[in-house]
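These notes are about the structure you will find just below.
Throughout, read-outs are computed from the coordinates displayed, never taken from laboratory work. Remember, it's a predicted structure, so these values are computed and weren't measured experimentally. A quick note on method: Cβ atoms are made from the backbone with ideal geometry, for glycine too, and the neighbour counts reach across all protein chains shown.
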Amino acid sequence: MRRSPLAVLVLTVLLLVAPGAAQAAAPDRAAAPAADPVALLTEVRTAGTAWGLDPATGRMTLTVDDTVAPGELSALRAVAERAGVLLRREPGTLRPLIAGGQGIYGGGGRCSLGANVRSGSTYYVVTAGHCTNAAATWYADSAQTTVLGTRTATSYPTNDYGLIRYTGRIAHPSAVYTYPGLLTVYGAGTAYIGQAVCRSGSTTGVRCGTVTGLNQTVNYSTGVIYGLIRTNICAEPGDSGGPLYVASTGTIIGILSGGTGNCTAGGTTFYQPILEVLAAYGLTLP
């Protein structure tokens with residue numbers, strides 16, 4: 001859908017990452033001390049556990065579910081104490097889920113899931129169109145052994161969105177993955193200038209900021225995209241397609257198209273409005 005541009009920016013970066021690029025973005029831990037929490041938590045292999053940075057507290061968190069036995073829990077508590085991280089008990093059983101912001105893989109690259117949507121009883125992934133252009137079959141894992149689904153629509157350039165129809169058996173809640181944890185998504189909404197928003201992506205996790213522009217036109221080297229939301233939130237390769245959302249209400253307002261900069265020095269990012277995508281394909285969320 002073509003709209004009159006408020007701003008035209010020439011960008012050369014689309015945030016679709018090749019497998020080697022993700023490694024280049026990772027921090028160098030070769031010189032990490034023995035007590036480095038990431039190094040210690042990387043050694044945890046106990047089933048029913050998860051770890052990562054909790055954006056709400058700013059601390060690393062080691063989460064254990066109800067399947068972890070008392071003896072294993074004692075050992076994990078000792079690891080958490082050594083690493084100086086929080087240990088949190090999570091009711092239920094950890095199982096594979098695909099939610100907004102998690103990595104999806106196809107065509108030799110990685111993007112991020114934007115939202116789980118549906119048409120009647122048929123469920124789809126919404127992600128960036130420059131991602132869905134790259135592959136017909138998409139996977140939930142980097143080894144490409146767990147099928148997510150097949151591309152059913154793609155629109156890029158002019159727009160930047162696409163659909164993947166779920167064909168695998170992996171669960172797909174209406175939620176955003178918040179690294180760690182899930183934020184329930186209750187619906188879709190529109191953006192406004194100054195709005196406090198966050199985005200989730202498979203490379204840099206959750207980052208927050210404000211909406212700084214609407215109806216933006218972006219000139220990528222691969223085509224022109226119209227009607228985008230602009231924010232002062234950073235992103236990096238692989239974050240493409242992830243959701244832009246309002247954390248306090250569980251409302252998705254856009255999916256990441258691209259941007260400039262990075263999450264070390266800062267950057268600017270642009271998003272396809274989600275309501276346009278839902279209207280284009282007759283979809284609902286959740």
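Quote to one decimal, in nm, the extra length available between A280 and E43 on full extension: 0.36 nm per residue of separation minus the C-alpha distance between them.
80.7 nm is the gain from fully extending A280 to E43.
Run the simple label-point estimate for A78 and S221 please: 7 Å along Cα→C-beta, distance reported in nm.
It is 5.3 nm.
Among rounded, prolate and oblate, which fits the stretch 156-286 when a ≥ b ≥ c are the square roots of the eigenvalues of its C-alpha gyration tensor, a/c under 1.5 means rounded, and a/b larger than b/c means prolate? The partial results should precede the final answer.
Working: a/c = 1.38, a/b = 1.17, b/c = 1.18.
Because its axes are fairly even, with a/c under 1.5, the stretch 156-286 counts as rounded.
Among the trypsin sites (Lys or Arg not before Pro) in the stretch 118-200, which ones are in a DSSP loop with at most 15 other Cβ atoms within 10 Å of the Cβ? Mind listing them?
Filter output for the stretch 118-200: R169.
R0 = 22 Å: FRET efficiency of T158 with S119, Cβ-based, nearest 0.05?
Values: r = 22 Å, r/R0 = 1.02.
Using R0 = 22 Å, I get an efficiency of 0.45.
What net charge do the residues around T152 carry, taking every other residue with its C-beta under 14 Å from that of T152, with Lys and Arg at +1 and Asp and Glu at -1?
Details: positive: R118, R151, R165; negative: none.
Result for the neighbourhood of T152: +3.
Find out how many positive minus negative residues lie around Y124, taking Lys and Arg as positive, Asp and Glu as negative, among other residues whose Cβ is under 12 Å from that of Y124.
In short, +3.
For the stretch 213-286, restrict the atom set to alpha-carbon positions and state the Rg and Dmax in Å.
When restricted to the Cα atoms of the stretch 213-286, Rg and Dmax are 12.6, 39 Å.
Assuming 0.36 nm per residue, please report the length gained on full extension of the stretch D141 to R169 beyond their Cα-Cα distance.
Using 0.36 nm per residue and subtracting the Cα-Cα distance, I get 8.7 nm.
With every atom except the alpha carbons ignored, what do you get for Rg and Dmax of the stretch 53-175, in angstroms?
18.0, 57
Could you give the dipole magnitude of the stretch 60-208 about its Cα centre, charging the beta-carbon of Lys and Arg +1 and that of Asp and Glu -1, in debye to the nearest 20?
160
With a sphere of radius 12 Å drawn around the Cβ of R110, what net charge do the other residues whose Cβ falls strictly inside it have (Lys, Arg +1; Asp, Glu -1)?
Here the count lands on -3.
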